[in-house]
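Have a look at the structure below before the remarks.
The values are calculated or read from the model by the stated rules, or taken from the named source; none is laboratory data. The structure displayed is predicted, hence computed values, not measured ones. Neighbour counts are summed over all protein chains in view; Cβ atoms, including those assigned to glycine, are modelled from backbone coordinates with ideal geometry.
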Amino acid sequence: MLAQRATRALRSPLAKPPLPRPTLASRSLATVPRPARLFQVPWKAVGLLGGAAIAYAAWQVQPEWVPMQQLLYADAPVPVGIYKDPTTSTPFPSRLTSPDGTQLRLVGTGVRTVSFLNIKVYAVGFYVSETELQWAKDGKIAGWEGFTPERLIPPFGIPPGEPDRPKGELLIESLLEKADAAIVIIALRNTSLPHLRDGFTRAITARMQIPRVSNEFTDNMSERTGAALVEFKSFFPSKTLQKGLPLEVYYSARDRTTLFQIRNEQSRRPEVLGTLREPLLSRELIVSYFSDTAAPSRELVTSSAMGFSGEARGEPGDRDVGNDASRPAETKGIHLHHLCLRIKDPKVTLPFFREVLGMRTLFTYNAGSFSIYYMYHGDEENDETEKVWADFPNQKGLVELIHRHGSENEDFSYASGHHPTEPALSGFGHLGLVVDDVPALVQRAKKYGCKIIKEQGVSSAETVGWPNGTPQPIQAYNELYSNMAMIESPDGYWLECVPRVLEKH
């Protein structure tokens, strides 16, 4: 009954004549206005990492709300990255600063689609305060222990025997007890603010009708909530949110408030629409995007689940640990079996693979005009060749060498895949080998007359192969890459030698 009284207030028409367009001083429910600086802090400037391709992609989409900067280089401060929503290619900054100065990180993105017309209305990003995001990942927030994506994505395919922990929208409610958050909506077509307001209104109304939520109401809360809902509707003037511009919704865990702001079409500076100060409504509006049954974007839910699991969101230095949860069942069992290289002279190349790289010949086959050699890393003490050959289809990491008879001519050579003057334009990269003693292998290669592309402990623009004038990798990558050496085989193929134990950076 209490919830019904509040929802009726939501449907009641505003008094006539219409309310005047709110000013900055009147757009909040607070009796005392907040300091002006709260509404004047612009987002941190967004830098681009990854070269001109990312810059061009972001320019194509024309994200007017994302300020463009010059490309940043390895010795520059760590920039804010750009993550492109995979469904709409809409760019989102990997981090942003809320109006009260809280640092937020992008967790997931999605798209809102009008189902019966299949029209994409807006792209949406979900952000969480940096400290609390890490707490959630570390299981330091109630209910987030042992988080897996299945606990956020309906129908919650949690394996039998797993502990009974919160899932779905209950997880997000638990998160919002500690964490600030933001929902950033970017219009994919010109959209009226009243239309977006009506969407928020329907979402809040639906949340209030959930017994678990409505049971939190008291008489005083019901009256206060009804007044807050009526005032909420006045936040949104009758104007259009232009394509490419955002509507930003910031939730504060400390104040239990939600602030709404847009961007000025000319200056791109933030314009606050208003602040919803009813705690329950503020929380439930954010939770509605993760509703177990009526989330406006299933893509956002899935993407956020993967983001909480560690999937990278465009931040320089992010390391994305692979997850094959989305691998189609019919592809199970497929694996990389071998790599094929063409060689000029087996009398030179086969000894190199044996004596420098420690590989053994699995089998050879003379096909008349050419011969095939399969190499593998076998156990010298136990001759496993027959066993490996008997189980040939299930082997991994084999190298197939093809020799066309007559190619031993001194003037003949194969294209190794490396561009002679512009390494970054090369197609083929390298073969990667795990090595116990990288310097020792490099010395063997030198004695064999091989060219050393890069010694261990060296990392430079020349060895990485970045063209002049383009952004260099971040320092963390350079430090990681310096662990490795790169040598060239007799046929010009590059071999990357990775130490079995990597120094952590």
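Results, tabulated for the structure shown:
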item: Residues being surrounded by fewer than 19 Cβ atoms within 10 Å (Cβ to Cβ) and among the small types (Gly, Ala, Ser) - total across the stretch 85-101; result: 2
item: Of all residues making up the stretch 226-274, the number that are aliphatic (A, V, I, L, M) and not in a strand (DSSP E or B); result: 6
item: Residues of the stretch 399-430 classified as modelled with pLDDT of 85 or more and either farther than 27 Å from residue 336 by Cα or not acidic (Asp, Glu) (or both), total; result: 9
item: Any hit, the stretch 392-399, residues being more than 22 Å from residue 432 (Cβ to Cβ) and within 38 Å of the chain's Cα centre (by Cα); result: yes
item: When residues of the stretch 112-142 are limited to those that are assigned to a loop (DSSP other than H, G, I, E, B), closer than 25 Å to residue 95 by Cα and of a type outside the set (Val, Ile, Thr), the one farthest from the chain's Cα centre (by Cα); result: 142
item: Qualifying strands (runs of 3 or more DSSP E) (wholly inside the stretch 442-505; at least 3 residues being outside the structural domain of residue 355 (by TED's automatic domain parsing), at pLDDT below 90 and buried (at least 17 other Cβ atoms within 10 Å of the Cβ)); result: 494-499
item: Qualifying residue in the stretch 110-123 (condition: buried (at least 20 other Cβ atoms within 10 Å of the Cβ) and farther than 21 Å from residue 247 by Cβ); result: no
item: Whichever residue in the stretch 334-346 is exposed (fewer than 15 other Cβ atoms within 10 Å of the Cβ) and touching a residue at least 12 places away in the same chain (Cβ under 8 Å) and, among such residues, is nearest to residue 371 (Cα to Cα); result: 340
item: Filter pass, residue 396 being modelled with pLDDT of 80 or more and part of a helix (DSSP H, G or I); result: no
item: Condition check for residue 310: at pLDDT below 95, under 24 Å from the mean Cα position of the chain (by Cα) and not hydrophobic (A, V, I, L, M, F, W, C); result: yes
